Amino acid sequence: MSKPVPKTPEEIKEMRIACRLAAEVLDYIAPFVQVGVTTGELDRLCREYMEKMQHTVSATLNYAPPGYSPYPASICTSLNHQVCHGIPGEKPLKKGDILNIDVTIISQAGFYGDTSRMFIIGDASILAKRLCQVTYECMWLGIATVRPGGYLGDIGHAIQRHAEGNGFSVVREFCGHGIGRRFHEEPQVLHYGSLSTGIELRPGMIFTIEPMINAGKAAISELPDGWTIVTRDRSLSAQWEHTVLVTEDGVEVLSLSAACPLPPKLLTGTLATSTANAIAALPPAPIYELQR
Ligand code: MF3
Ligand code: CO
Ligand code: CO
C-alpha cells in the first residue's frame, strides 16, 4: 500500500474544476428528483447534461474494477435500504423514498470529481429524515477534523462517534478514497476508527469523505446484479460525499456548487462560516459557461 502523493498547485486547480462539475450535475438533477420519476430517467438526464453541456464523461459508465462486470450507468442511485452502487432502473420513485445520487465525472483535463447527496422524495418518515440528517452531520464532522498534521483516523473517529451516538451504524466495507487523475487512489478513508491513528495528513492531499450510515446493523450484502449493496437487515441506509483538499491551515471542500446544501447547524466555527461564504460567492452560472 503506497502513500498518497500530494497534488501540485496545477493539479489542485484542475481538481477544483472537476469537483465543481460533479457537484453541478447534482444541482442540475435535483429539481427532477420527484415522485413518479424513475432512476433510469435521472441517469439519462445526467448523462446528457455531462456529455452535451459540460463536455465531461461519467467515470462510472462501464467502470470495471477487477472482478466486477462493467457498471452500466452514468450515476449511482441507491434507494432506501440500498447502501451504495445502486443501478438506475425503471421503477418510479414514491413518496417517502430516500435516494442517494452519486456522481463521478472525468473533466476534459482528465481529472475525477466525486460527490453525492441524499434526496427525500416528497416527505419521509421521521426515522428516514433523521438518518439523512445525521449522515450529513457525520460527513461534515469528518471534514472538520481535516488539517495538516492531523490523522486519517480522526475523520473516522468523528464519524463513528456521531453515527453510533445517534443509534445508527457505520458500514465498514466501503470507504472514502484519494482521487485525482484516477478514480480511486491512496489513501483509503475509513468512516470509523481511533484518534491519532493512520497516516498523517499533509497539504495537497485530496480525498473523498463519504460515510454510509445504516439505521439498523452495519452488515451488508451484494445483490445478484454484482453491484448493488444493501443492508443485510434491510434497514434504511444513507450516504453523503464530498471531495476535500488538505490545505496549509485546514481543509477546503472542492465539491461545492451554487445549489449545494449549507453545512449543518451543528457545525460551528470557521469552517462553517468559510464554507457558507464560499457557496454564496459561487456564481449561479455553471462552471463550464464561465470558462467559455
Ligand atoms: N462514486 C462511488 C464512490 O464514491 C463509486 C461508484 S463506482 C460504480 O467511490 F461503479 F459503482 F459506479
Ligand atoms: Co467516492
Ligand atoms: Co461517489
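Read-outs throughout are calculated quantities, based only on the coordinates presented, and are distinct from any laboratory measurement. Since we're looking at a predicted model, the values are computed, not measured. All Cβ positions, glycine included, derive from the backbone under ideal geometry; neighbour counts span all protein chains shown.
Here are a few things to note about the model shown:
- Backbone phi angles across segment 78-92, fed through the Karplus curve with coefficients 6.51, -1.76 and 1.60 (θ = phi - 60°), yield HN-Hα couplings of 10, 9, 6, 7, 7, 8, 6, 6, x, 9, x, x, 10, 8, x Hz in residue order; Gly and Pro are listed as x.
- The slack in the chain from A219 to E173, taken as 0.36 nm per residue of separation less the alpha-carbon distance, amounts to 15.7 nm.
- When all alpha carbon pairs of segment 146-230 are counted in 10 Å bins from zero, the resulting P(r) reads 18, 43, 30, 8, 0 %.
- Base-10 log of normalised Debye intensity for segment 216-261 (one unit scatterer per alpha-carbon) at q = 0.21 Å⁻¹: -0.78
- Viscosity 1.002 mPa s, temperature 20 °C, Stokes-Einstein D of the chain from Kirkwood C-alpha radius, µm²/s: 114
- Binned Cα-Cα distance frequencies in segment 38-165 - 5 Å width, integer %: 2, 10, 15, 17, 17, 16, 14, 6, 1, 0
- When peptides 85-91, 12-18, 137-143 are ranked by their average number of other Cβ atoms within 10 Å per residue, the highest-first order is 137-143, 12-18, 85-91.
- Ascending count of other beta-carbon atoms within 10 Å, so fewest first, for S169, S74: S169, S74
- Enclosed volume per residue, in Å³, of the convex hull spanned by Cα atoms of segment 110-185: 116
- Principal axis dimensions, largest first and in whole angstrom, of segment 170-211 by Cα: 28, 21, 11
- Residue with peak Gaussian network fluctuation, the chain [Cα springs, cutoff 10 Å], from R202, R161, R44: R44
- Shape index of segment 224-289: Rg/Rh, with Rg the Cα radius of gyration and Rh the Kirkwood radius from the inverse mean 1/r over Cα pairs, equals 1.11.
- Whole-Hz Karplus values for segment 205-222 come out as 6, 10, 8, 9, 10, 8, x, 9, 10, 9, 6, x, 7, 6, 5, 10, 9, 9 Hz, taken residue by residue from phi with 6.51 cos²θ - 1.76 cosθ + 1.60 and θ = phi - 60°; glycine and proline positions read x.
- Springs between Cα atoms under 10 Å define the GNM used for the chain, and in it the highest mean-square fluctuation of H55, H81, H177 occurs at H55.
- Principal axis extents of the Cα atoms in segment 33-82, from largest to smallest and rounded to whole angstrom, are 36, 33, 10.
- Each label point was placed 7 Å from the Cα along the Cα-to-Cβ direction; for K3 and E200 their separation is 0.9 nm.
- The chain: most fluctuating residue of L45, L99, L245 per GNM, C-alpha cutoff 10 Å: L45
- Interatomic Cα distance distribution for segment 1-74, bins of 5 angstrom, percent: 3, 13, 18, 18, 18, 16, 8, 4, 2, 0
- Alpha carbon convex hull of segment 135-292, volume per residue in cubic angstrom: 139
- Along the axis of the charge dipole computed for segment 194-292 (Cβ charges of +1 for Lys and Arg, -1 for Asp and Glu, origin at the Cα centre), the listed residues G204, T247, A278 are led at the positive end by A278.
- Gain on full extension, evaluated as 0.36 nm per residue between A109 and L127 minus their Cα-Cα distance, stands at 2.3 nm.
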